[in-house]
Amino acid sequence: MAERMGFFTDTSICIGCKACEVACKEWNDVPDDGFVFRATSYDNTGALGADTWRHVAFIEQDGRWLMSSDVCKHCTHAACLDVCPTGALFRTEFDTVVVQSDVCNGCGYCVPACPYGVIDRRERDGRAWKCTLCYDRLRGGLEPACAKACPTDSIRFGPLDELRARAAERVERLHADGVTEARLYGESPDNGVGGTGAFFLLLDEPETYGLPPDPVVTTRDLPAMWRWAGGAALALAAGVAACFLRRT
Amino acid sequence: MAGGRISRWPLLRQLRGEDGRRDAARSSRTDALRPRVERADTVARSVCPFCAVGCGQLVYVENGRVTQIEGDPDSPISRGRLCPKGSASKQLVTHPGRATKVLYRRPYGTDWEPLDLETAMDMIADRVVRTRRETWQQTFDGKEVRRTLGIAHLGGATLDNEENYLIKKLYTALGAIQVENQARV
Amino acid sequence: MAECHPVGFQWVMEARLRGAKVFHIDPRFSRTSAAVDRYLPIRAGSDIVLLGALINHVLTHGLDFREYVLAYTNAATIINAEFLDTEDLDGLFSGYDPETGRYDPSSWAYEGDVEQVRTLSEGGLAHAQAAGSDSYGARGPGASARPPADPTLRHPRCVYQILRRHFSRYTPERVEELCGISRERFAELAEAITASSGRERTTAWVYSVGWTQHTTGVQFIRAASILQLLLGNMGRPGGGILSLRGHANIQGSTDVPTLFNLLPGYIAMPNAHRHAGLNDYLEREGADTGFWGNRRAYTVSLLKAWWGEAATEENDFCFGHLPRLTGDHGHYATVMGQIDGTVKGYFVIGENPAVGSANGRAQRLGLANLDWLVVRDLTLVETATFWQDAPEIETGELRTEEIGTEVFFLPAASHVEKEGTFTNTQRLLQWREKALDPPGDCRSDLWFFYHLGRRIRDRLTDDEIDRPVRELTWDYPEEGPYRDPSAEAVLREIGGTGPDGRALSHLGRLRPDGSTRCGCWIYCGVYADEVNQAARRRPREEQSWVAPEWGWAWPANRRILYNRASADPEGRPWSERKRYVWWDQARGAWTGPDVPDFEEDKPPDYDPPEGAKAEAALRGTDPFIMQSDGKGWLYVPSGLSDGPLPVHYEPHESPVRNTLYRTQANPARRIFHRPDNPYNPPLSPRFPYVFTTSRLTEHHTAGGMSRTLPYLTELQPEPFCEVSPQLAAEVGLVNGGWATIVTARAAVEMRVLVTERVRPLRLRGTTVHQVVLPYHWGYRGLVTGDVVNDLIPFVLDPNVFIQESKSGTCDVLPGRRPRGTALLELIERYRHG
Amino acid sequence: MPKRRDEMVPDAGFRSYYGQPVIKAPVWHEPHMPVYLYLGGMSGAASMIAAMARVTGHDRLALAARMAAAAGAGVGSVFLITELGRPERFLNMLRLFKPSSPMSVGSWTLAAHGGLTAIGAASAVTGVLPAIGDAATAASAVTGPVMAAYTAVLLADTAVPAWHEAMRELPFLFTGSALASAGAALMLTTPRTAAGPARAVAVAGAAAETAAGMLMARRLGLAGEPYRLGRAGRLMRASRMLTLGGGLLATMAGRSRALTALSGLAITAGALCTRFGVLEAGRASAADPKYTVVPQRRRVAAGDLASVPGRCRPATKP
């Protein structure tokens, strides 16, 4: 099995050009996301979804203009993959999380399961879509299209361990330069999704970028859920029995 | 083979010990997945047609169709990277809105008409020759000028040097001096 | 740069990571501003105040790189006593004729040159008539190679002292007052650029059309040149003034020009009033010293390339076949000619003036008055369909059935469907391989003009006027199913051939006797050794950081121009950090990672003999080899139409009074008072706001190659204006709503983006609001919108005839614009108050 | 006219990204998904009733319950399949068995339950192989409660705060609702004399549903807000009134066919409102970023960050 591969997106050097969005679409043949002027700075694609697998957020605040290219996090504990009933979503030899479009039947369960709001169902197609970390390219030894195109190398692709080391250095450097607000997001293996395969260097709180501050893989609580449900099922059985036994 | 297909049923593979979230879930299409650029018949080394940075592009062609355009990592200018416009180059050359047929609008016409390319070329040549003769200036203000102000040209700046060269050469020989391009704009 | 040249910007980001400090000076807070150390908002059109103040700062604090300045610039040169500065004439230089609005530049000459200039330039007026400044004739008769000089720099008429006086009024206070940049911020900038200049460090300036599209555009760049020369930043790695050009081959389009005033290689088109025969032309078009002194070789080789055997010594090498100019025949003059009926036929090739050119209404009225129009493009652009859907159809000014223009639309081949070279913004020629044949009727422009030429030649008569076309060399090998002419054969002709018919290796081989042929002398050697040098693609890892074997740069594959200046006068690198090209005493040659932009074996101590010509007349310490004196020109004695030094003038349309001089706007700017080109009055309360046009990363110029593509359109789907919250409050604009922008030319509507990135500028006592208008949309495409260029008038820089797009005045109204005749009434009201 | 900065960007109490949701709202459509929830629950409870009725000799009721269970499972499957983006691929649900996916567990359960109830119903109608029919019905007494309860896990096992946080009460709300639905359906389809136990089931279910709903609203706090506001709030309130009213009416209907029918219809409508309301609350909960961000931010502020104890990371080496 290959090494775990991932993305480190350093938003402190993102220039918001959106090459990642376009390169992704060209390679993966993703349809356009509609032509809507949103009046939200320079962001007119809004959010990640079935038709936008890389999304550049623009945040204007107090003399700064933050830009950040968001993408599927390829979680260690991926809720979408856990809940997928068909096995369309699976974990690859690169430890990335990919939807097999030839398997997906569009049940839609992965959509609300994702704590980051990444995966979505393309309604005119019926299936769920998201970033594959260019699985086909990886199998040919190529880097993902977005990382390759990125003019400033804000999007870095590589073995996750190397990326984590590089990210730690980068944060240290920024802190030394007085950019104390720099922080990593998602890289910790101890977080609620067991660490993400695509992680970020942010310059503000995650929610400013539309990211959840402390996401949890919903299936963490699955045993508890089944226990409560089991209780309820037994209660149902008991209730029915009681109704009959009372009468007879 | 039906037997093979049944034995590939992920549930059975699960029972054989494969991980239901990993290998057991894989389809045969997934197993066969490769980057499509590997199937390309030819790869042309090109240059991005948008701005003047001059980023290197690799153009992959398979069965007579462009299947991918991406950055050329060998380029000392761009190191394989492209901006959003450069990244949209495949769409630029393959999108359905591209015009591929000659169109003709006759004077006072209200709609386009189809026209054969050869005929169009002859008609244009006729008009150049006629207008040039009709508007020829041998002298101006007492000075010999040998020119026509009746024919003008405006070119974009995405034309090749070789094209610009023939354009300037032909017009200058014809005496057409109002030859301009985007650099003035 | 991040906004419009993102991939080039990777090097700026990398420099920043290595400790470079980056400033961004722009009226508009763009993506570039977000990625630099310091963003300085500036009022559009006030750049000379800032640059002048930086020059003043350098001069008054003695921060210039004195050794460089003394050796490599004309700082010590003495100017003749007739010259009067704007200091003396309150905003005018000597030689101004208020009647014609033109300068006679002869009084600007070096000491001792005045008489010669006067004889050869006929007062310089004819030169000024034809955008002479971007041809080598820019220098007019040039200047002496060894003018009188005072190396102590104390002579009151030496350039250094003139500069000191001229720029003394450009102070930080004026910067605050006219640019809107505070004194603290100015001090920070001044400190940074001077600290990062000298032996060990260099500073680079980067500009785009934000500097060129002004009525003082050329002087903006001149001001930067003065600053960079004073700081010793020219000809050195990490220095220079880099123009970032916006189109894949816009550099090539001026090198191999489709421009009215130029022949290939910046050779001037002959002018009927100034030039009789070839000798007269060559005598008047420049000095005999410096590399332009070889212009006979360049010109004759061009004429031989075009007319081959027909061009002989006896017939002036067919110099008489060249048509003659009699003034401005530029793009805007052409459009006015269309409206006035003199221009009958128009070829528009990969261009879209109906959307992309200033005063779009005039452009379209011009198109509607043609006999015939040929449009070639990838898609049906607005210029091809104006007769169907121009805004003037909606207002009733034009009716389809009444437009007599015959229109031919021919689909073009894309960049992957043909081969050829682009010249990038660094003068680098890169050959594109052809990937596949074009679809349907699509053909390359090479195919089109070659076959059009063939057909025209088939229709020729024996008439004398047909002789230049008849005798033209027009026989290129044909290839492929469509009989494409060989692009490599054309490139080989451009690169030049010698007496033996073999490709020339170097421009030094060009001869004035007709034995060599060369279509563009600066490209000479691009086919050296019969190899397409532009097609070289040695991977970057396999060669030095200068990468000399990737493509081919003109001239002679030199990557940094004037790189002799990267060494000190003795030929030693200024510092180890900044070594680039230096004199190798042992080899007796210049060496370094780049090709020396100098005669390879000319030693630093070379002193020209009396009467030497061309490059031989320049010393071994003269790095600026295209100049007649080999010096970097702090002061331009001849060649410019609006003065030897930069002066701040307000834009033609400005809400601000010029407080530096009584002269409000550039006195030599080109204005056209015509009903189809009305101007907003200066300082008019009817047009209280400043607008500047801009581009977005997601789109390309007038949008023909971007708003037709879903992947780019979705990223920026509608035209919008950027306004500050303060202006939004003042006018009543709502984020996401609509605004109407009005000038005397047009009223256009766009969506509103209220953003704090746009900041009102506090000038002394007043506030100036700026509106930023990306201009990529038109009335066709996947999304449509009003044409921003409709707002802009014809008003031009007097040197290069480029329009003032980057600074105009307007009014802003909330909501959408009226439709139909109501729109015309609204504009009419604004025109007449 | 908005002029101030805070009017340009929607205010959400924290710096959200233009007020946009952090998570995706469920894409499931109406009426497919809520109707399936209703039918599946009803079928599950009905199969239990069928088994009990058979055991206790309520044969008329048993017949009706078998029919209801089979119909609920059958029709519910149709709704479920048409809800799929690619209905023709519904069999892919049985590619794997994934314990981590409630929908996979549910699919296998539905497959088993649908089969068992169909056999039970077919046998009862045709009189063929009664022993097998009885066995199937008995077996469906095992699948039935799972059918009724698993859908609660289905919803709770998402990132939707209003669902996930309700993981304790949702199963009871759903099983209660299932009981009420089945009871009401059987009240409507069985002669009054034979429907006694059904009426009792309906009343008990209505009571359980109401109690679970109220408990949920009380405990959830902010996460429960979507159940109170907007369309979801209206649906949930309607559900409570209809269920409670229907339940009370059932106890008082006595011999009146009309009142019995009315009560059955009211309980059915109430159950449907619950299902529609829960889906709608989920959507509202996903649409407003505050439901996602505020609790997470509280955890961050308290230094009590989420983690995944006890779950091993996926192997990176063979």
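Of note:
- For residue C:241: the one exception among (1) more than 23 Å from residue C:476 (Cβ to Cβ); (2) surrounded by fewer than 24 Cβ atoms within 10 Å (Cβ to Cβ); (3) out of contact with any Lys or Arg (no Cβ under 8 Å at 6 or more places or on another chain); (4) within 13 Å of another protein chain (Cβ to nearest Cβ): (4)
- The helices (runs of 4 or more DSSP H) found wholly in segment C:317-425 and carrying at least 1 residues that are within 10 Å of another protein chain (Cβ to nearest Cβ), aromatic (Phe, Trp, Tyr) and surrounded by 24 or more Cβ atoms within 10 Å (Cβ to Cβ) occupy C:331-340, C:382-389.
- Selection within segment C:547-568 - touching a strand residue (DSSP E or B) at 6+ places or on another chain (Cβ under 8 Å) and more than 22 Å from residue C:630 (Cβ to Cβ): C:550, C:551, C:552
- Any helices (runs of 4 or more DSSP H) falling wholly within segment D:224-318 and containing at least 2 residues that are away from every other protein chain (no Cβ under 14 Å) and either touching a residue at least 12 places away in the same chain (Cβ under 8 Å) or in contact with a helix residue (DSSP H, G or I) (Cβ under 7 Å, 6 or more places away or on another chain) (or both): D:230-252, D:257-287
- The one condition in (1) free of Cβ contacts under 8 Å to residues at least 12 places away in the same chain; (2) part of a helix (DSSP H, G or I) that residue D:106 fails to fulfil: (1)
- Residue in segment B:144-154 that is in contact with a Phe, Trp or Tyr (Cβ under 9 Å, 6 or more places away or on another chain), more than 7 Å from chain C (Cβ to nearest Cβ) and free of Cβ contacts under 8 Å to residues at least 60 places away in the same chain present: yes
- Scan of segment C:475-489 for residues that are within 8 Å of chain B (Cβ to nearest Cβ) and of a type in the set (A, V, I, L, M, F, W, C), ordered by number: C:487
- Residues of segment C:430-460 that are assigned to a strand (DSSP E or B) and at the interface with chain B (Cβ under 7 Å from one of its Cβ atoms): C:430, C:432.
- Any hit, segment A:179-187, residues being more than 26 Å from residue A:114 (Cβ to Cβ), in contact with a strand residue (DSSP E or B) (Cβ under 9 Å, 6 or more places away or on another chain) and not hydrophobic (A, V, I, L, M, F, W, C): yes
- Some residue of segment C:737-751 being within 14 Å of chain A (Cβ to nearest Cβ), more than 22 Å from residue C:216 (Cα to Cα), among the aliphatic types (A, V, I, L, M) and crowded, with 19+ Cβ neighbours inside 10 Å: yes
- Helices (runs of 4 or more DSSP H) completely within segment B:86-185 that count 1 or more residues being over 19 Å from the mean Cα position of the chain (by Cα), closer than 30 Å to residue C:707 by Cα and at pLDDT 95 or above: B:117-134, B:161-174
- So residue C:258, is it within 13 Å of chain B (Cβ to nearest Cβ), surrounded by fewer than 24 Cβ atoms within 10 Å (Cβ to Cβ) and more than 17 Å from residue C:521 (Cβ to Cβ): no
- Flag if residue C:636 is farther than 30 Å from residue C:743 by Cα, part of a loop (DSSP other than H, G, I, E, B) and β-branched (Val, Ile, Thr): yes
Conditions (1) of a type in the set (Phe, Trp, Tyr); (2) at the interface with another protein chain (Cβ under 8 Å from one of its Cβ atoms), marked per residue:
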position: A:12; (1), (2): no, no
position: A:23; (1), (2): no, yes
position: A:26; (1), (2): no, yes
position: A:53; (1), (2): yes, no
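Okay, residues lined up against (1) within 26 Å of the chain's Cα centre (by Cα); (2) touching a residue at least 40 places away in the same chain (Cβ under 8 Å); (3) not assigned by TED's automatic domain parsing to the domain that holds residue C:704:
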| position | (1), (2), (3) |
| --- | --- |
| C:344 | no, no, yes |
| C:347 | yes, no, yes |
| C:352 | yes, yes, yes |
| C:358 | yes, yes, yes |
| C:364 | yes, no, yes |
| C:375 | yes, no, yes |
| C:379 | no, yes, yes |
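- Selection status of residue C:260, among the aromatic types (Phe, Trp, Tyr) and over 30 Å from residue C:507 (Cα atoms): no
Condition check ((1) closer than 30 Å to residue C:113 by Cβ; (2) without any contact (Cβ under 8 Å) to a residue 60 or more places away in the chain; (3) touching a helix residue (DSSP H, G or I) at 6+ places or on another chain (Cβ under 9 Å)) across all residues:
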| site | (1), (2), (3) |
| --- | --- |
| C:594 | no, yes, yes |
| C:608 | yes, no, yes |
| C:616 | yes, yes, yes |
| C:621 | yes, no, yes |
| C:627 | yes, no, yes |
| C:659 | no, no, yes |
| C:671 | no, no, no |
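- Which numbered condition residue C:225 fails, given (1) assigned to a helix (DSSP H, G or I); (2) surrounded by 24 or more Cβ atoms within 10 Å (Cβ to Cβ); (3) more than 10 Å from every other protein chain (Cβ to nearest Cβ): (2)
- Within segment A:21-32, not a single residue is modelled with pLDDT of 95 or more, outside any helix (DSSP H, G or I) and surrounded by 23 or more Cβ atoms within 10 Å (Cβ to Cβ).
- Scanning segment A:192-207 for residues that are at the interface with chain D (Cβ under 7 Å from one of its Cβ atoms) and either at pLDDT below 95 or closer than 15 Å to residue A:56 by Cα (or both) yields a total of 1.
- Only one entry of A:209, A:116, A:109 meets the criterion of being free of Cβ contacts under 8 Å to residues at least 40 places away in the same chain and buried (at least 21 other Cβ atoms within 10 Å of the Cβ), and that entry is A:109.
- Number of the exception - residue C:621 against (1) within 14 Å of chain A (Cβ to nearest Cβ); (2) more than 30 Å from residue C:829 (Cα to Cα); (3) surrounded by fewer than 24 Cβ atoms within 10 Å (Cβ to Cβ); (4) not small (Gly, Ala, Ser): (1)
- When segment C:86-99 is filtered for residues that are touching a residue at least 60 places away in the same chain (Cβ under 8 Å) and crowded, with 19+ Cβ neighbours inside 10 Å, the ones remaining, listed by number, are C:86, C:91, C:92, C:93, C:96.
- Exactly one residue out of A:183, A:156, A:166, A:220 is within 22 Å of the chain's Cα centre (by Cα), charged (D, E, K, R), at the interface with another protein chain (Cβ under 7 Å from one of its Cβ atoms) and surrounded by fewer than 24 Cβ atoms within 10 Å (Cβ to Cβ): that is A:220.
Residues checked against (1) over 21 Å from residue C:218 (Cα atoms); (2) at pLDDT 90 or above; (3) of a type outside the set (Lys, Arg):
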| position | (1), (2), (3) |
| --- | --- |
| C:86 | no, yes, yes |
| C:103 | no, yes, yes |
| C:106 | no, no, yes |
| C:119 | yes, no, yes |
| C:127 | no, no, yes |
| C:137 | no, no, yes |
| C:149 | yes, yes, yes |
| C:154 | yes, yes, no |
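The values are calculated or read from the model by the stated rules, or taken from the named source; none is laboratory data. Source: prediction; values computed, not measured. Neighbour counts run over all protein chains shown; Cβ positions are idealised from the backbone, glycine included.
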